[in-house]
Structure formats: C-alpha cells, structure tokens
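Scroll down for the structure; my scribbles are underneath it.
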Amino acid sequence: MNFFDAVGGEPTFRKLVDEFYAGVATDPVLRPLYPEEDLGPAAERLTLFLIQYWGGPNTYSAQRGHPRLRMRHASFRVGPDERDAWLAHMRHAVDSLDLPADLHTTLWDYLERAAYFMVNTMDEP
Ligand code: HEM
C-alpha cells in the first residue's frame, strides 16, 4: 500500500486542504496573496498536487503539467513570515486528520521541508 492509500486516499487530502484553506481565508499575511474572489481553485490545485505527490492519480499533471513549484511561487512573496503562517495553518490541518504517529510524522516532515524550500525572499515586508 502506498502512502496515499495508507492515509485514506482522496477524502483525507480533501479534508487536509479544506482545513488549511479555512485558516488561510482569514489570515492577514496569506489571504492577500490569493485572488480576491475565490480560494476554491487554489484549494483544488493544492489537493490534486498532494494526491499525485503521495501516489494517487496524476490528475494534477494532466491539468497543470510538471509541478515546478518553486517557479510557480516566484511571483508571490514567500518570506519567513509567509512560510510560518502557511505552516501554522498546515500544522492545524495535519493535526485534524488524527493519523497514526508514523504517517503524521511523514506527512508533516515533508510539508515543513517543502515550505522552507518555497521561500523566495529574505527581505523585510
Ligand atoms: C499555489 C502561496 C507553499 C503547493 C500557490 C499560490 C499561492 C501560494 C499564493 C497561488 C494560488 C493559486 O493556485 O492560484 C504559498 C505560500 C507558501 C506556499 C505563501 C509558503 C511557504 C507551498 C507548498 C506547497 C505548495 C509547501 C507544496 C507542498 C502549491 C501548489 C499550487 C500553489 C500545488 C498551485 C500551482 C499551480 O498549479 O499553479 N501557493 N504556497 N505551496 N502552491 Fe503554494
């Protein structure tokens, strides 16, 4: 069984991203980075990416091509404050899944590393 199946498949990633974006929706640092109207499309892209990354269907790349995530974040300000806000909401979202400890750790370690990797500026806001 791959990691995708082990954590419960698509519903688990949908719940993770729903919880995460519920936090982003009211976050003063992160919310301005996203389109004014609707967080739905951004949530869908993150969901499909995570599903693909962990061994589920490759719908993300079928729709968006190669992830190239650092490149896709280049037009957004991702400094230490944005990273820490992103990780705070993601931590809450991962905790809400109530996964067994080993799966929780694997998921969290990846997300933490990925968020540090996405930082593209050290300039003060
Ligand atoms: C897209 C912010 C970290 C995955 C975006 C967008 C913003 C953003 C503003 C554009 C919204 C949209 O899709 O329309 C941030 C910030 C981060 C961060 C502030 C702080 C570190 C991450 C991490 C991952 C990730 C760690 C993966 C584990 C994605 C994906 C997209 C995206 C898959 C959609 C890319 C596409 O297909 O266009 N992010 N992000 N982001 N982000 Fe992040």
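List the relative contact order of the stretch 1-74 as a percent without decimals, with contacts defined as Cα pairs under 8 Å and 6+ residues apart.
35 percent
Starting from the Kirkwood radius over alpha-carbon pairs of the chain, derive D by Stokes-Einstein at 4 °C in a medium of 1.567 mPa s and give it in µm² s⁻¹.
On the way: Rh = 15.1 Å.
D, rounded to a whole number, is 86 µm²/s.
Given an 8 Å cut-off on Cα distances and at least 6 residues of separation, report the relative contact order of the chain as a percent.
Working: 109 pairs, mean separation 41.9, N = 125.
33 percent.
If one computes the Cα centroid of the stretch 59-74 and of the stretch 1-57, what distance in Å separates the two points?
After rounding, the separation between the Cα centres reads 14 Å.
What does the helix-only formula give at 222 nm for the chain: each DSSP H stretch with n ≥ 4 adding -39500 (n - 2.57), the total divided by the residues, and the result rounded to the nearest 500 deg cm²/dmol? Don't skip to the end; give the middle numbers.
Values: 7 runs with 78 residues, N = 125.
Dividing the helical sum by the residues of the chain leaves -19000 deg cm²/dmol.
Taking all protein chains in place and a 1.4 Å probe, what share, in percent, of the accessible surface of the chain do carbon and sulfur account for?
On the way: 3890 of 7150 Å².
Ligands and nucleic acids excluded, carbon and sulfur give 54 percent.
In degrees, nearest 10, range 0 to 90: what is the angle between the Cα axis of helix 10-24 and the longest Cα principal axis of the chain?
Orientation of helix 10-24: about 20 degrees from the principal axis.
State in Å² the accessible area per residue of the stretch 78-125; use a 1.4 Å probe, count heavy atoms of protein chains only, and round to the nearest integer. Walk me through the numbers on the way to the answer.
Values: 2690 Å² over 48 residues.
Accessible area per residue: 56 Å².
The values are calculated or read from the model by the stated rules, or taken from the named source; none is laboratory data. None of the values given here were measured: they were computed from a predicted structure. Side chains included, ligands, DNA and RNA excluded: accessible areas come from the protein's heavy atoms. Shrake-Rupley method; radii C 1.70, N 1.55, O 1.52, S 1.80 Å.
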